[in-house]
Amino acid sequence: MRILYIFLILSIYSNVYSQTLKSPKLVAEYIFYDNLNYKQYDSKLFIGDSESIFETKFSKSNSNKPTIKGTMISIGGKLLDQYQYSSTIKDSLYSFESFSDDVFKVAEVKPKFNWNLNFSEVKKINNYTCNKAIMEFRGRSYTAWYTPEIPFFYGPFKFSGLPGLILEIEDDTQTFKWSVTRLKFKNNNAFIIPYDSQRIELYDYQKLSDEYIDKLRSRVRSVLPRGTEFTIPKDYRKGIEKVYEWER
């Protein structure tokens, strides 16, 4: 029954999709610090007239080996590069996500961030004067530094909506951080998301993803010595997005 359920979802939402951004006005290069896994990744934000693509390069760090950190066990797997596509003339945001070697075009309504801009602090990042802003998003609180000197309302990952480009943003636990390293204006090279992907709504994708994680946990249980305790914390999601709107 579950296999049939998955097949029906993928049949309903399946759609071949490849996105191109021609002649970006700005390419912002970032370092993404994933302190949960003690890793850092290269990422880029491509900005056009009315759309943006954010790329995170995971593929250089692929590992298929299970790892043990303290009492935590993780099962290695192939990591594919991740993309977020957004347009100022559309209500949807698309994330190109993967698990179990499949790639999905995950559709959601563009998040509306409730930014608090009422701060007097400023700091210099890459010779740009940046202002402070804070907000909460899906279980984490963030502090962002944006510059009105670059009047684009985009930022890394799904973050947007400030009166200037976000050059740095970090959650309050210092688990995840994006920090700009280089800005390139007037780039004439088109950028293409290299996936032909199955379209699916965020709610359905997350349900499939949670079921997949449950299967991985079952695999871990099957190889543990008899009598070993295996517990799952209530806040079992440790990634960038911990709690979704329909779960509150």
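The values are calculated or read from the model by the stated rules, or taken from the named source; none is laboratory data. Note that this is a predicted model, so its numbers are computed, not measured. Cβ coordinates were reconstructed from backbone atoms using ideal geometry, including for glycine residues, and neighbour counts include every protein chain displayed.
With the requirement that a residue be charged (D, E, K, R) and at pLDDT below 85, what does the range 66-99 give you? Give the steps one after another, and end with the answer.
Just the residues of the range 66-99 that are charged (D, E, K, R), to begin with: 69, 78, 81, 90-91, 97.
Once the filter is applied, which keeps residues that are charged (D, E, K, R) and at pLDDT below 85, the range 66-99 yields LYS69, LYS78.
Could you list, ordered by first residue, the pairs with Cβ atoms under 6 Å in which the first is in the range 25-40 and outside any strand (DSSP E or B) and the second is buried (at least 17 other Cβ atoms within 10 Å of the Cβ), at least 6 apart or interchain?
Listed pairs, sorted by first residue: LYS25/ILE47.
Return a yes/no flag: does the range 100-120 have any residue that is outside any strand (DSSP E or B), modelled with pLDDT under 95 and among the aliphatic types (A, V, I, L, M).
Within the range 100-120 (the criterion being outside any strand (DSSP E or B), modelled with pLDDT under 95 and among the aliphatic types (A, V, I, L, M)), the answer is no, since none of the residues qualifies.
Give the number of residues within the range 199-218 that are in contact with a strand residue (DSSP E or B) (Cβ under 8 Å, 6 or more places away or on another chain) and over 25 Å from LEU45 (Cβ atoms).
2
Determine whether ASN131 is polar (S, T, N, Q), outside any strand (DSSP E or B) and more than 16 Å from PHE32 (Cα to Cα). Outline the logic, then answer.
On the way: polar (S, T, N, Q): yes; outside any strand (DSSP E or B): no; more than 16 Å from PHE32 (Cα to Cα): yes.
Criteria not met by ASN131.
Output the residue which, of all residues in the range 154-175 that are assigned to a loop (DSSP other than H, G, I, E, B) and touching a residue at least 60 places away in the same chain (Cβ under 8 Å), is surrounded by the fewest Cβ atoms within 10 Å (Cβ to Cβ). Before you say what the answer is, go through the steps one by one.
Narrowing the range 154-175 to residues assigned to a loop (DSSP other than H, G, I, E, B): 155-159, 161-164, 172-175.
Those left that are additionally touching a residue at least 60 places away in the same chain (Cβ under 8 Å): 155-158, 174-175.
Working: GLY155: 26, PRO156: 26, PHE157: 21, LYS158: 18, GLN174: 9, THR175: 16.
Top of the filtered list is GLN174.
Could you list, in sequence order, all residues of the range 139-153 that are in contact with a Pro (Cβ under 8 Å, 6 or more places away or on another chain) and either part of a strand (DSSP E or B) or surrounded by 13 or more Cβ atoms within 10 Å (Cβ to Cβ) (or both)?
Taking the range 139-153 and keeping what is in contact with a Pro (Cβ under 8 Å, 6 or more places away or on another chain), we get 146, 148, 151, 153.
Answer for the range 139-153, where residues must be in contact with a Pro (Cβ under 8 Å, 6 or more places away or on another chain) and either part of a strand (DSSP E or B) or surrounded by 13 or more Cβ atoms within 10 Å (Cβ to Cβ) (or both): TYR146, PRO148, PHE153.
Please count how many residues of the range 176-212 are part of a loop (DSSP other than H, G, I, E, B) and either free of Cβ contacts under 8 Å to residues at least 60 places away in the same chain or of a type outside the set (Phe, Trp, Tyr) (or both). Walk me through it before giving the result.
Going through the range 176-212, the residues part of a loop (DSSP other than H, G, I, E, B) turn out to be 186-190, 193-197.
Within this subset, residues satisfying the condition of being either free of Cβ contacts under 8 Å to residues at least 60 places away in the same chain or of a type outside the set (Phe, Trp, Tyr) (or both) are 186-190, 193-194, 196-197.
Qualifying residue count for the region: 9.
Just wondering, is there one or more residues in the range 41-54 that are surrounded by 14 or more Cβ atoms within 10 Å (Cβ to Cβ), in a loop (DSSP other than H, G, I, E, B) and at pLDDT 55 or above?
Of the residues in the range 41-54, the ones surrounded by 14 or more Cβ atoms within 10 Å (Cβ to Cβ) are 41-48, 51-54.
Right, trim to in a loop (DSSP other than H, G, I, E, B) and you get 48.
So of that shortlist, the ones also at pLDDT 55 or above come out as 48.
Yes - at least one qualifying residue is present in the range 41-54.
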